Amino acid sequence: MSRSVRIYIGLAVLIALSVLFLLGVVHTAAGASGPSLRRAAEGHRLAQAWCQTCHAVDPGMSGFFDLAPSFQAVADRNGTTALSLKVFWRTSHHDMPNLVIAPDQADALSEYILSLQHR
């Protein structure tokens, strides 16, 4: 087998492996976003049901929500992370009703708020 044929075969194998690797990365990223998007949608639904009387839960909402921060403002604060929101849901606040939020509901609300972050 000539040297040029071996080079072409080597390049073909390298290209095939690169394509397989990229397909695996794209498939993994798409699979991870599906549940995350569903959880954020559930968090949005919960926020509309529980929080909208005091907070602007959708970006760009305005009106009588001046006393409580908008979810967009919460999302854009430095230090807003999944962990900080988890701690927030577990802590009572004197300006808020004392809601009992199940862990999966807290995760969904957090996922929605984090989805609002400007990246």
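Every read-out reported here was derived from the displayed coordinates using simple, explicitly stated rules and does not represent laboratory data. Values in this document were obtained by computation on a predicted structure and should not be read as measured data. We place every Cβ from the backbone using ideal geometry, glycine too, and count neighbours over all the protein chains shown.
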Could you pull the Rg and Dmax for the stretch 41-93, using just the Cα atoms, both in Å? 11.2, 30
How about the stretch 34-94: which trypsin sites (Lys or Arg not before Pro) there lie in a loop by DSSP and see at most 13 other Cβ atoms within 10 Å? Arg77
Length gained, Ile7-Ala68, 0.36 nm per residue minus C-alpha separation, equals 15.4 nm
